[in-house]
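Since every read-out is calculated from the coordinates, none of them should be taken as a lab result. As the structure is a prediction and not an experimental result, all values here were calculated from the model. All Cβ positions, even for glycine, are placed from backbone atoms using ideal geometry, and neighbour counts span all protein chains on display.
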């Protein structure tokens, strides 16, 4: 299967979010991950992920919240 760079980055970011979710000891304790944390963990550009997460949010694949 061939993925575009955008598609590959989206899969990498969503996989990182899933990994963080699975590693949490209490599955009911929600802790949002920042784009900067995801970018650092996957060695991706945070600026590019910001654009990508806008698309993922509009598609209903992720939820967003403003934070510090």
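Find the relative contact order for segment 5-58 and round it to a whole percent, using C-alpha pairs within less than 8 Å whose residues are 6+ positions apart.
Working: 22 pairs, mean separation 21.3, N = 54.
Once divided by the residue count of segment 5-58, the mean separation gives 39 percent.
Evaluate the distance, in nm, between pseudo-label points positioned 7 Å from the Cα of residue 2 and of residue 33 along their respective Cα→Cβ axes.
That separation, rounded to one decimal, is 2.9 nm.
Could you work out the mean projected area of the convex hull around the alpha carbons of segment 5-58, in square nanometres to one decimal?
Projected area, direction-averaged: 3.7 nm².
For the pair residue 66 and residue 20, how long in nm is the line joining their label points, each one 7 Å along Cα→Cβ?
Distance between the two pseudo-spin positions: 2.0 nm.
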